[in-house]
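Heads up, the thing below is written out as structure tokens.
Taken together, the values in this text are just the output of simple stated rules run on the coordinates, not laboratory data. The model shown is predicted, which means the values in this text are computed figures rather than measured ones. A quick note on method: Cβ atoms are made from the backbone with ideal geometry, for glycine too, and the neighbour counts reach across all protein chains shown.
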Amino acid sequence: MANQDLESAIIHALQDMDGAVPVEDLRNELKVEYGVDRGKRAIQTRLRDMAEEGAVDRARIKTSGPGRPPYYYKSQGEYPRL
């Protein structure tokens, strides 16, 4: 799958999903709904590049867990307060 196809699938999956989501949730959605079976790191790298290009939004959302919170991704709009 070319990067353009992966980007398109990511954007469609983020639009279909409710709210901001972590990489693992997006990866599962891509696999189940779009037949995209890529590793977590490959998707993270592509998402980072897309965020730098302005194609998707990303933010760290504070959770109750220890350590640095994970990035959450969204196609557009506000991030929920967890």
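Worth a mention:
- For residue 40, the lysines whose Cα comes closer than 20 Å to its Cα, not counting residues fewer than 8 places off in the same chain, are 31, 74.
- The length gained on full extension between residue 55 and residue 42, counted as 0.36 nm times the residue separation minus their Cα-Cα distance, comes to 3.0 nm.
- With K and R counted +1 and D and E -1, the other residues having a Cβ less than 11 Å from that of residue 53 yield a net charge of -1.
- Nearest-ten-degree value, helix 23-34 long axis tilted from longest Cα axis of the chain: 30 degrees
- The residues packed around residue 35, meaning those with a beta-carbon under 13 Å from its beta-carbon, carry a net charge of -1 if Lys and Arg are +1 and Asp and Glu are -1.
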